[in-house]
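Q: I have a structure here, written as structure tokens, and I will follow up with some questions on it.
Throughout, read-outs are computed from the coordinates displayed, never taken from laboratory work. Bear in mind that the values here come from a model prediction, so they are computed numbers and not experimental data. Quick reminder, even Gly has a Cβ in these numbers, built from the backbone with ideal geometry, and neighbours come from all protein chains shown.
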Amino acid sequence: MAFTGPAEPLPCPGFPSKPSRSIQGEEWKHRPPYKIQTEAEFGPIKWRGKCLCGRVAYILKREKPLNAKYCHCRGCQVAHGAPLQWATIFHKNEMSFIHGSSNLVFYSSTHKSQEYGLPTKVSCGNCRTPIMDEGRNVCLIFPQSIEVEGSNDERRRKMELLRPTCHIFYESRMTDVPDGLPKWRGMENDSDRLDGQGNRIDGPSQ
């Protein structure tokens, strides 16, 4: 029997609020994180990132994100071609594209459109590397594109700053993840807590 897909749009857990319509014209180019500014204007740089082909590059001035999460919802699985999405949350003014913003492409899973409107998925138009999901106030940046120098061990130690604090939409997981982090059936602090096998629990998550 052919799979016809869900009747409703796949969930967008990072931005559960009602989406906005597209921003008129190219207004988005003149505000963070797309607004062009020098590194001196931006401030001290804590992280640098770029897409696979290198056409899109960005900088971050916050060392530790506001939060970081693993998302197991079906929408993230399909969009990333992976069992889960790892996202780090930053304010928009803490990120700046230093080149390649003209190569960015957008996709609204809510409106099924490439017209810019919040929330939107942002990727490189050339190599299609996912860069972030942009909401009204924050960006969910995918840290796989962040460049960290050093040996593998040194890179892992530095990336601990970006380590997720929990799993969300864990009920939709493709595999169990017994990593000791809190797990939620849906959104964090707004759904049942689950153990590593997906069972509802009342105590601290496993």
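Q: Let me check the size of segment 167-206 from its C-alpha atoms; what are the radius of gyration and Dmax in Å?
A: In order Rg, Dmax, the Cα atoms of segment 167-206 give 8.5, 24 Å.
Q: Okay, moving on. Spin-label point model (7 Å from Cα, Cβ direction): what's the Asn189 to Glu171 distance in nm?
A: Roughly 2.1 nm, to one decimal.
Q: Find me the longest stretch of the chain that has none of the exposed GluC sites (Glu not before Pro), where exposed means in a DSSP loop (not H, G, I, E or B) with at most 16 other Cβ atoms within 10 Å. Don't skip to the end; give the middle numbers.
A: Numbers: sites that count: Glu26, Glu63, Glu115, Glu149.
Value returned for the longest uninterrupted segment is 150-206.
Q: Only Lys, Arg, Asp and Glu count, each charged at its Cβ (+1, +1, -1, -1), so figure out the dipole size of the chain about its Cα centre, rounded to 20 debye. Walk me through the numbers on the way to the answer.
A: Numbers: 29 positive and 23 negative charges, 66 e Å.
With only Lys, Arg, Asp and Glu charged at Cβ, the dipole is about 320 debye.
Q: While we're here: Which percent of the Cα-Cα distances in segment 41-91 go past 11 Å? If you can, show how the numbers build up before the last one.
A: Working: 944 of 1275 pairs.
Tail of P(r) above 11 Å: 74 percent of Cα pairs.
Q: In addition: Compute the label zone of Arg31 within segment 57-91: residues whose backbone N is under 16 Å from the point 7 Å along Cα-to-Cβ.
A: Only 91 pass the distance filter.
Q: Something else now. Among the aspartates and glutamates, select those whose C-alpha is under 14 Å from the C-alpha of Lys69, and discard any that sit fewer than 8 residues away in the same chain.
A: Asp133, Glu160, Asp179, Glu188
Q: Here's a follow-up. In Å, what Rg and Dmax follow from the Cα atoms of segment 27-164?
A: Looking at segment 27-164, its Cα Rg and Dmax stand at 14.4, 43 Å.
Q: Determine one quarter of the surface area of the Cα convex hull of segment 89-206, which equals its mean projected area, and express it in nm² to one decimal. Mind dumping the intermediate values first?
A: Working: hull surface 38.2 nm².
Projected area, direction-averaged: 9.6 nm².
Q: Test of understanding: ordering Thr110, Thr38 by Cβ neighbours within 10 Å, fewest first, what list do you get?
A: Working: Thr110 17, Thr38 8.
Lowest count first: Thr38, Thr110.
Q: Amide H neighbours of Lys46 under 5 Å, at least 5 residues apart or on other chains, H built in the peptide plane: list them.
A: The answer is Leu60, Lys61, Arg62.
Q: Which one of Arg48, Arg185, Arg31 has the biggest mean-square fluctuation once the chain is modelled by GNM with Cα springs under 10 Å?
A: Greatest mean-square fluctuation among the candidates belongs to Arg31.
Q: Non-local amide H neighbours of Val177 (under 5 Å, H modeled in plane, Pro and chain starts lacking H): which ones?
A: The list, which skips near neighbours in sequence, is empty: none.
Q: Where in segment 111-177 are there trypsin sites (Lys or Arg not before Pro) that are in a DSSP coil and have at most 15 other Cβ atoms within 10 angstrom of their Cβ? Please list the in-between numbers first.
A: Details: sites: Lys112, Lys121, Arg128, Arg136, Arg155, Arg156, Arg157, Lys158, Arg173; in loops: Lys112, Arg128, Arg136, Arg173.
Here the trypsin sites (Lys or Arg not before Pro) that fit, given the DSSP loop and packing criteria, are Lys112, Arg128, Arg136.
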